[in-house]
Amino acid sequence: NLSQSSFESIITALETEMSAQTSLPVGAVFGLGRAGRIHFGNIASLRLARVKYVIDADPKAASVAAAAILGGQTDELPKFLLPEEEDQAMADPEVTFCVICSPTMTHETALRKCINSGKQMFCEKPIATSLESMKEVHKLAENKGLLLHCSFNRRYDPSFSLLRDRIPNTCGEVHTIRTCSRDNPYPSIEYLRTSGGIFHDCGVHDLDMACWLAGEWPSTVFATAARHNPQLKDFNDHDTAVIVVKFPSGAIGIIELDRRSTYGYDQRIEVHGAQGMIASNNVCDRAVTSSTAAGVNSANIQYSFPQRYAEGYVNSMRSFLSRISGSDENAMIVTPIESLNVSTLADACEKSLETGAPVKFQPINTL
């Protein structure tokens, strides 16, 4: 039998936990597709916030996916709304933040509604389909004192963060930064048709990483690309590309992109400098290697981006939620200027591909 004091301790602990849950930031998730499921699951596992609404064009499928993510805990399921019903979430004063991971062409409209409703925002890239619209949305958010975090999740990957921290002592003056991003599985034509193209869909992550590692924006950009899938010609896209950027310091960045990698999600970085070299290699499913007279055998590298960058996604969401809750005002956030410059670099890649010549790059310094 429980003593009176033990019983009271349990009741106090339960009341404390319930109070903490009710005081958590409350949010809405726009879109429960590939990225939306990752973010929804991370919010649930972090327990730093709770999701009250999910806005999706297929609420039934979204509810099934959400229930699976939550392990069948139906008492924690949010309310599911169609896009035309999203004003319910916007008008709810309890909702303080929104996570935008609906189709790219809907981002700007959703963000404008969030800004008008005073919601903090976590958005998948890009936040809009044109540079001027991106500037305007960022400015609107800034004027209202709202956080708009465009998540470049690779910055939050522990291996890449450690690599960046060790560059000064390991490499000294940086000579070259090489990144390799080969996708798996090959995306569907339906996805590629509305993805924004290889530079804006894939290249922005590597451009952001190269500049983040270099600590500066490039002065020139050159890009070349090839099309191995003839279907891409219908919407003028490519599935293989190489980008070369030159930084004012003299460092050179070489970025390799490919939509196809038959052996897994190939993600590597190498930084070479006057004193040495540092690299981040692929992550395998299992850290076991067998060596015999017949050869060396190891596990496959991770399958795709949800597996390879799982920690990065969690850390990015944790930073956002920590910022909006006030628990960590110094949590790393991608700034509007950084987001705008990376998008402008992708535009420069497209111009270079079109002209066949290097493009001078002038970084944006103010909104």
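Please identify which residues in the range 183-207 have an amide N closer than 16 Å to a label point set 7 Å out from the Cα of residue 234, following the Cα→Cβ vector. Those under the cut-off are 187-197. The slack between residue 52 and residue 130, meaning 0.36 nm per residue of separation minus the straight C-alpha distance, is 25.0 nm. Under the combined filter of DSSP loop state and at most 11 neighbouring Cβ atoms within 10 Å, the range 282-345 retains these trypsin sites (Lys or Arg not before Pro): 286. Among the GluC sites (Glu not before Pro) found in the range 310-359, those both in a DSSP coil and sparsely packed, with 16 or fewer other Cβ atoms within 10 Å of their Cβ, are 329.
Peptides 262-268, 91-97, 218-224 ranked from most to least packed give 218-224, 262-268, 91-97, packing being the mean of other C-beta atoms within 10 angstrom over each peptide's residues.
Within the same chain, aspartates and glutamates fewer than 8 places from residue 119 are excluded, and of the rest, those with a Cα less than 20 Å from its Cα are 56, 84, 85, 86, 87, 92, 94, 108, 136, 142, 328, 329. Structural size metrics of the range 152-204, computed from C-alpha coordinates, are Rg and Dmax of 15.3, 46 Å.
Compute the helix-to-body angle for 336-355: its Cα long axis versus the longest principal axis of the chain, expressed 0 to 90° and rounded to tens. For helix 336-355, the angle is close to 40 degrees. Ordering 356-363, 239-246 by mean Cβ neighbour count within 10 Å, with the highest value first, yields 239-246, 356-363.
Taking the Cα centroid of the range 170-189 and of the range 55-122, what is the distance between the two, rounded to the nearest whole Å? What the calculation gives is 33 Å, centre to centre. Looking at the range 218-306 from every direction and averaging, what is the projected area of its Cα convex hull in nm²? Value for the range 218-306: 9.5 nm². For the range 128-214, with all protein chains in place and a probe radius of 1.4 Å, 47% of the accessible heavy-atom surface sits on carbon or sulfur. Here is the list for the range 118-191: trypsin sites (Lys or Arg not before Pro) lying in DSSP coil, each with at most 14 other C-beta atoms within 10 angstrom of its C-beta, are 144. If you take the Cα centroid of the range 216-286 and the Cα centroid of the range 294-360, the two points sit 13 Å apart. Here the range 4-151 is treated as an ellipsoid with the same Cα gyration tensor; its semi-axes, largest first and in whole Å, are 31, 18, 12.
Derived from the Cα gyration tensor, the three semi-axes of the equivalent ellipsoid of the chain are 37, 26, 22 Å, largest first. Applying 1/(1 + (r/R0)^6) with R0 = 25 Å to the Cβ-Cβ distance of residue 351 and residue 256 gives a FRET efficiency near 0.80. Karplus-based coupling profile of the range 226-233, in residue order and whole Hz: 9, 10, 9, 9, x, 5, 5, 5, with θ = phi - 60° in 6.51 cos²θ - 1.76 cosθ + 1.60 and x standing for Gly or Pro. When peptides 291-298, 43-50, 339-346 are sorted by average Cβ neighbour count within 10 Å, with the highest value leading, the order is 339-346, 43-50, 291-298. Annotation: amide H-H contacts under 5 Å for residue 266 (H modelled 1.01 Å from N, sequence separation of 5 or more, or interchain): 182. Once the Cα atoms of helix 204-214 and of the chain are each reduced to a long axis, what angle between those two axes, in degrees from 0 to 90 to the nearest 10, is obtained? Orientation of helix 204-214: about 80 degrees from the principal axis.
Computed from Cα positions, the angle between helix 59-69 and the longest principal axis of the chain comes to roughly 90 degrees.
The values are calculated or read from the model by the stated rules, or taken from the named source; none is laboratory data. If you're wondering where the values come from, they're calculated on a predicted model, not measured in any experiment. Here the Cβ is made from the backbone with ideal geometry for all residues, glycine too, and neighbour counts use every protein chain on show. Just the protein is used for accessible areas: all its heavy atoms, side chains included, with ligands, DNA and RNA removed. Shrake-Rupley method; radii C 1.70, N 1.55, O 1.52, S 1.80 Å.
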